[in-house]
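Report on one structure; see the data block that follows.
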Amino acid sequence: MRVAHAIVRLPSSALADGITSASLGAPAYADACRQHAAYCDALRQSGASVTVLDADLRHPDAHFVEDAAVVVGSTAVLTRPGAPARRDEPQTIRDAISVSFSRIEQIVAPGTLDGGDVCDAGDRLFIGISQRTNRSGAEQLARIARGAGKTPVLVDVRDVAGALHLKSAMSYLGDGNFVATAAIAPLLREPPERVCIVAPGEEYAANCVRINAVVLVAAGYPHLRTALAGAGYASVPVDVSEFRKMDGGLSCLSLRF
Ligand code: CIR
């Protein structure tokens, strides 16, 4: 699918106050800003126009915009994040989304859903049930997916090591091909030749993003880049190490459509 646009949000100077389970130290704001700017450049160089929203000082995780909204065909869905501290973030992105989408749906209580648990794979929409997304939220999104002509595939990732979200451990490259960690791959039920399993130690890189002709990959994971090249995909490394300290992956820094 062609990616024409991306919405991002500048990092909050309070980003270190966000939620994290990582023990990698506190992120440095200046470094995070530099990495974020380079990330935006990579999106632009891949052919996307980028809308940059102001930092949100009230929500230290709000630059992880992917969690606040999901695009399903021509519908945008405002989520209901599973972490109470992030619950108001979708409303802060509504105006930016309204510029591009006339049809906006909303996940409602008791449902919770984080966009990081949603992986668009063409005619299928993978939806993770996770620490953040519950069954009600997943089923609400599944109904919207069916209405958009997509088949929802629910995947329970609560026992998958290292998977805060579904997409912490897998990505869709297009053309029927996936990247996944060894832990999540069996749950996807895809033909093995369709799944590039990341090397041990490169699990973080399973969260990558295909943008038109290239795949953006977290910097520092050479085995995955070699595997992608072997499968015919050009890749571009993007350093997101400051965001990793807050459990963020490469995909969660943008909402793409
Ligand atoms: C959180 O725990 O919600 C944030 N600190 C990280 C969210 C990362 N989102 C994502 O991978 N989709």
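The three principal axes of the Cα atoms in segment 118-165 give end-to-end lengths of 32, 21, 10 Å, sorted in falling order. The phi torsions of segment 50-60, fed into the Karplus equation with coefficients 6.51, -1.76 and 1.60 and a -60° offset, translate into couplings of 10, 8, 9, 8, 5, 4, 10, 6, 7, 10, x Hz, rounded to whole numbers, with Gly and Pro shown as x.
Think of segment 5-256 as having a plus end and a minus end, set by charges on the Cβ of Lys, Arg, Asp and Glu; of Q131, V108, S254, V108 sits farthest toward the positive end of this dipole.
Computed on protein heavy atoms with a 1.4 Å probe, the accessible areas place S100, S74 in the order S74, S100, largest first.
Quick one: compute the contact order of segment 82-193, relative version, from alpha carbon pairs under 8 angstrom and 6+ residues apart, as a percent.
Once divided by the residue count of segment 82-193, the mean separation gives 22 percent.
Across the protein chains, with a 1.4 Å probe defining accessible surface, the residues F64, F257 rank F257, F64 from largest area downward. With all protein chains in place and a 1.4 Å probe, the accessible surface of the chain carries 51 percent carbon and sulfur. Taking only the alpha carbons of segment 5-256, we obtain Rg and Dmax values of 16.5, 45 Å in that order.
Computed with a 1.4 Å probe over protein heavy atoms only, the accessible surface of the chain comes to 42 Å² per residue.
With the convex hull of the Cα atoms taken as the outline of segment 189-257, the averaged projected area works out to 5.3 nm². Within segment 1-43, which residues have the backbone N less than 18 Å from the label spot 7 Å out from R58 along Cα→beta-carbon, could you tell me? Those under the cut-off are 9-15, 17-19. Per-residue 3J(HN,Hα) values for segment 221-226, derived from phi via the Karplus relation 6.51 cos²θ - 1.76 cosθ + 1.60 with θ = phi - 60°, read 10, x, 5, 5, 4, 5 Hz in sequence order (x marks Gly and Pro).
So, in nm, how far is label Q91 from label S49 when the simple model puts each one 7 Å beyond its Cα toward the Cβ? Computed distance between label sites Q91 and S49 equals 3.0 nm.
The values are calculated or read from the model by the stated rules, or taken from the named source; none is laboratory data. Just so you know, these numbers come straight off a predicted model, no measurement behind them. Note: ideal-geometry Cβ built from the backbone for every residue, glycine included; neighbour counts use all protein chains shown. Ligands, DNA and RNA are stripped out before the accessible areas are found, and what is left, the full protein with its side chains, is counted by its heavy atoms. Shrake-Rupley method; radii C 1.70, N 1.55, O 1.52, S 1.80 Å.
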